[in-house]
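Let me begin by presenting the structure, written as structure tokens, before commenting on it.
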Amino acid sequence: MKIAHVVTYISPDGAFGGPVRVALGQAAELAKRGHEVTVFAASPDDAPKTFDQDGYSVRTFPAKRVHRRLGFAGMYAPGLTKALRSQLHDLDVVHVHLARDLVTLPAARAARKSEVRLIAQPHGMIDKSSNPLAGPVDAWEVRAALTSASAVLTLTDQESKDIADIAPDATVRQIRNGIRGGDLPPYANRNGGVLFLARLHPRKRPLAFVEMATVLLERGITADFVLAGPDEGESERVQEAISSSGHKAHISWAGAVDPALTDTLLRDAKVLVLPSVGEVFPMTVLEAFAAGTPVVTTSSLGIASKCEEYGAALVTDGSPSDLADAVEKVLTGRHVANALRESARRFIDAELSIEAVTETLLASYAPAGARRA
């Protein structure tokens, strides 16, 4: 098949996070199976670019913004929509990693006005929202995109419900994010410390990580605590918190990280801590599982119950003290770290392999799931 994936934004600092990693992982596995795949995205570059990697093509187009205060929601890339529209006659499937933005919604509109099959995958980005713009945007474009899609791929029961509330006639199918397994990387001689690998955004709770680090250091735990990720509004508060913690020598913000280097960071870390609230199915956690890095997270994670079922992560209430207790267990108990690593690998093998996810994807792409008139 000839398949196009559309994702909002690809950049060297990995600012758009998980949806990009999911889209590229899916593209690589589809290409491995002989499909012709092109990924379309906006980018910070001044001119369009086309390049090949892992068996598929990537086409990026200069991103423009309606207003910086709107963030990704106000981003658009007119060159992308035009280029996609010119290729629609030659495509079998357009898979849009859908968000309430002006990159993916016009792409979905172009696809649904053609004969090509449209697949929408919102990654938890289209949910119940208190933003006053969400309702009008849903009525203007989102509902039509969801209803017209051959399949809307959701990650959790809650996401399926949110989609049904917005578009009752949408064809919803659940899918998991996937990761490639392999041999469990070594752990004994890791030089890294405790890692926060995410955007510095209030939802990710980087301040909770700094508070947790302060608690542990004041308990006498010897470790370095590193936040790695682009700023999305919290960097000033994070830096102030680090400065006032009294532990500047052991808590640091590394800034944005090239996505190509995240696996190295994870394989060097002793623990990954994700203090986020309302995360649906974070790829960072799956990547830590694959890297053999113990994970500490919160009960609001969309897959928290599965993590507990497999014993794949230590799930906390999200408070700095509870996060600290969990991290201390990992750092001071080798058996705890080893058990988490082995359990996470079992979780990957049983439910999270990219191979199994791709089978679900191909079933959604099949002509039998063609878009309704």
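Does Leu361 count as farther than 16 Å from Pro294 by Cα, aliphatic (A, V, I, L, M), in contact with a Phe, Trp or Tyr (Cβ under 8 Å, 6 or more places away or on another chain) and surrounded by 14 or more Cβ atoms within 10 Å (Cβ to Cβ)? Steps first, please.
Numbers: farther than 16 Å from Pro294 by Cα: yes; aliphatic (A, V, I, L, M): yes; in contact with a Phe, Trp or Tyr (Cβ under 8 Å, 6 or more places away or on another chain): no; surrounded by 14 or more Cβ atoms within 10 Å (Cβ to Cβ): yes.
No.
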(message) If I ask for residues that are modelled with pLDDT of 90 or more and either in a helix (DSSP H, G or I) or within 24 Å of His123 (Cβ to Cβ) (or both), which ones from the range 52-73 would you list?
(response) Gln53, Asp54, Gly55, Tyr56, Ser57, Val58, Arg59, Thr60, Phe61, Pro62, Ala63
(request) Find the residue count for the range 179-208, including only residues that are under 28 Å from Leu361 (Cα atoms) and surrounded by 24 or more Cβ atoms within 10 Å (Cβ to Cβ). (result) 2
(request) Evaluate the following for Arg341: is it crowded, with 19+ Cβ neighbours inside 10 Å and closer than 20 Å to Leu286 by Cβ? (result) yes
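Residues checked against (1) part of a loop (DSSP other than H, G, I, E, B); (2) of a type in the set (A, V, I, L, M); (3) under 15 Å from Lys270 (Cα atoms):
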| position | (1), (2), (3) |
| --- | --- |
| Thr297 | no, no, yes |
| Ser300 | yes, no, no |
| Cys307 | no, no, no |
| Val327 | no, yes, yes |
| Arg341 | no, no, yes |
| Ala344 | no, yes, yes |
| Thr358 | no, no, no |
| Ala363 | no, yes, no |
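Run down Arg205, Arg219, Arg190, Arg176 and say which single residue is in contact (Cβ under 8 Å) with a residue 40 or more places away in the chain and within 17 Å of Leu286 (Cα to Cα). Walk me through it before giving the result.
Numbers: Arg205 fails: within 17 Å of Leu286 (Cα to Cα); Arg219 fails: within 17 Å of Leu286 (Cα to Cα); Arg190 fails: within 17 Å of Leu286 (Cα to Cα).
None of the other options fit; the residue is Arg176.
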(request) Would you mind finding the one in Arg267, Arg345 that is more than 19 Å from the chain's Cα centre (by Cα), on the phi < 0 side of the Ramachandran plot and of a type in the set (D, E, K, R)? (result) Arg345
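If you scan the range 77-92, which residues turn out to be touching a residue at least 12 places away in the same chain (Cβ under 8 Å) and over 13 Å from Thr60 (Cβ atoms)?
Quick first cut of the range 77-92, residues touching a residue at least 12 places away in the same chain (Cβ under 8 Å) only: 77-81, 83-85, 87-92.
Listed by number, the residues that qualify are Pro78, Thr81, Arg85, Gln87, Leu88, His89, Asp90, Leu91, Asp92.
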(message) Could you go through the range 341-360 and let me know if any residue there is closer than 17 Å to Gly193 by Cα and at pLDDT 95 or above.
(response) yes
(message) Restricting to the range 74-107, name every residue that is touching a helix residue (DSSP H, G or I) at 6+ places or on another chain (Cβ under 8 Å) and modelled with pLDDT under 90.
(response) Gly74, Tyr76
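Mind counting the residues in the range 216-237 that are assigned to a helix (DSSP H, G or I) and either of a type outside the set (A, V, I, L, M, F, W, C) or closer than 22 Å to Glu279 by Cβ (or both)?
So in the range 216-237, the residues assigned to a helix (DSSP H, G or I) come out as 216-218, 235-237.
Within this subset, residues satisfying the condition of being either of a type outside the set (A, V, I, L, M, F, W, C) or closer than 22 Å to Glu279 by Cβ (or both) are 218, 235-237.
Result for the range 216-237: 4.
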(request) Any chance you could count how many residues in the range 300-316 are touching an Asp or Glu at 6+ places or on another chain (Cβ under 9 Å), modelled with pLDDT of 95 or more and farther than 20 Å from Leu195 by Cβ? (result) 2
(request) Being touching a strand residue (DSSP E or B) at 6+ places or on another chain (Cβ under 8 Å), over 15 Å from Leu323 (Cβ atoms) and aliphatic (A, V, I, L, M) narrows it down to one of Val277, Val273, Val257, Val285, so name that one. (result) Val257
(request) Look through the range 21-43, keep the residues that are part of a strand (DSSP E or B) and in contact (Cβ under 8 Å) with a residue 60 or more places away in the chain, and return whichever of them is nearest to Ser57 (Cα to Cα). (result) Phe40
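Those residues that are in a helix (DSSP H, G or I), in contact with an Asp or Glu (Cβ under 9 Å, 6 or more places away or on another chain) and among the acidic types (Asp, Glu), I need them from the range 238-285; list them, please. If you could, list the steps in order and put the result at the bottom.
So the first thing to find is which residues in the range 238-285 are in a helix (DSSP H, G or I), and the list is 238-245, 259-268, 283-285.
Going one step further and asking which of them are in contact with an Asp or Glu (Cβ under 9 Å, 6 or more places away or on another chain), we end up with 238, 241, 245, 259, 262-263, 266, 285.
Passing the criteria: only Asp263.
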(request) Would you tally the residues in the range 61-76 being in contact with a Leu (Cβ under 8 Å, 6 or more places away or on another chain), closer than 11 Å to Tyr9 by Cα and without any contact (Cβ under 8 Å) to a residue 60 or more places away in the chain? (result) 2
(message) Tell me which strands (runs of 3 or more DSSP E) are completely within the range 88-206 and hold 3 or more residues being aliphatic (A, V, I, L, M) and within 30 Å of Glu36 (Cα to Cα), or say none if there are none.
(response) 93-96, 117-120, 151-154
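The values are calculated or read from the model by the stated rules, or taken from the named source; none is laboratory data. Everything numeric here is computed off the predicted structure, so don't read it as measured data. Note that we place each Cβ from the backbone using ideal geometry, even for glycine, and neighbour counts take in every protein chain shown.
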